[in-house]
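Only one structure is covered here, and it is reproduced in the block below.
No value in this document is a laboratory result; all are computed from the given coordinates. These numbers come from a predicted model, not from an experiment. FYI the Cβ positions are ideal-geometry reconstructions off the backbone, even for glycines, and counts take in every protein chain you see.
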Amino acid sequence: MICLLLALFAHLFPAAGSGVQERTFLAVKPDGVQRRLVGEVVRRFETKGFKLVALKLVQASEELLREHYAELRERPFFSRLIKYMGSGPVVAMVWQGLDVVRVSRALIGATDPADALPGTIRGDFCIEVGKNVIHGSDSVESARREIALWFRPEELLCWEDGAEHWLYE
Ligand code: DAT
Ligand code: MG
């Protein structure tokens, strides 16, 4: 109930979803699941200090994937991307914390793994852009849209973060 009110509040007053309350949508793509990288990916965001708000294993429908990647529908690789993303289950997640959208993109690394720095997920675990292991929202606005697309409001859990005091000033 409190979560629903918070979601409504964040929708009505966008600034309410910022700061420590900021959220991002991440997904371990089918290659990441097949290659047993789910634990490694979760570990990186968890040990960084971000708060896990939702997580589920999903076989995404073509409709969901077309909506998720709607911005890219004119790109030549679009149908290959939709096929790849639907080729097996993905692990969909919502993570929360200060600047989580921007910092997650930094932890993930460049879109093309050839350009991704060592130490980033794409830099450490993959080779080609068409099999780049993980998705992360590129802005707070996209994060809101993607979270609403992949999760029902009641799937986003509110829980007291006992570590918050040790992570934030
Ligand atoms: P990102 O996933 O880093 O946000 P994006 O939103 O531009 O990158 O593209 C979404 C996905 O589409 C990307 O993770 C992999 C695929 N993709 C992007 N550019 C591509 C290209 N030139 N060839 C093949 N796949 C591409
Ligand atoms: Mg993107």
Checklist outcome for this item: Both in Å, the radius of gyration and Dmax of the C-alpha trace of the chain are 15.7, 47
Checklist outcome for this item: With ARG80 itself left out, Lys, Arg at +1 and Asp, Glu at -1 over residues whose Cβ is under 12 Å from its Cβ give +2
Next on the checklist: Suppose we keep just the alpha-carbon trace of the stretch 122-169; what are its Rg and Dmax in angstrom?
Outcome noted: 15.6, 40
Checklist entry - Let a ≥ b ≥ c be the square roots of the eigenvalues of the Cα gyration tensor of the stretch 52-125; is it rounded (a/c under 1.5), or, if not, prolate (a/b larger than b/c) or oblate? => result oblate
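For the chain, with only Lys/Arg (+1) and Asp/Glu (-1) charged at the beta-carbon, what is the dipole magnitude about the Cα centre, in debye rounded to 20? Before the final figure, lay out the partial values.
Details: 21 positive and 23 negative charges, 97 e Å.
Taking the Cα centre of the chain as origin, the dipole is about 460 debye.
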Checklist entry - Using alpha carbons only, how many degrees (0 to 90, rounded to 10) separate the axis of helix 140-150 from the longest principal axis of the chain? => result 80
Checklist outcome for this item: A chain fully extended from SER79 to THR47 at 0.36 nm per residue, minus the present Cα-Cα distance, gains in nm 8.0 nm
Checklist outcome for this item: Checking rank on 59-71, 152-164, with mean other Cβ inside 10 Å and highest first, the result is 59-71, 152-164
Next on the checklist: Assuming 0.36 nm per residue, please report the length gained on full extension of the stretch GLU141 to GLU63 beyond their Cα-Cα distance.
Outcome noted: 26.0 nm
Next on the checklist: I'd like the orientation of helix 38-48 relative to the chain: the angle between its Cα long axis and the longest Cα principal axis, in ° from 0 to 90, rounded to 10.
Outcome noted: 40
Checklist entry - Simple spin-label model, 7 Å along Cα-to-Cβ: ASP115 to ALA70 in nm? => result 2.6
Checklist entry - Using a basic spin-label model with each label point 7 Å from the Cα along Cα→Cβ, how many nm lie between GLU164 and ASP99? => result 2.0
Checklist outcome for this item: Taking Cα atoms, the helix 2-12 axis meets the longest principal axis of the chain at an angle in degrees (rounded to 10) of 70
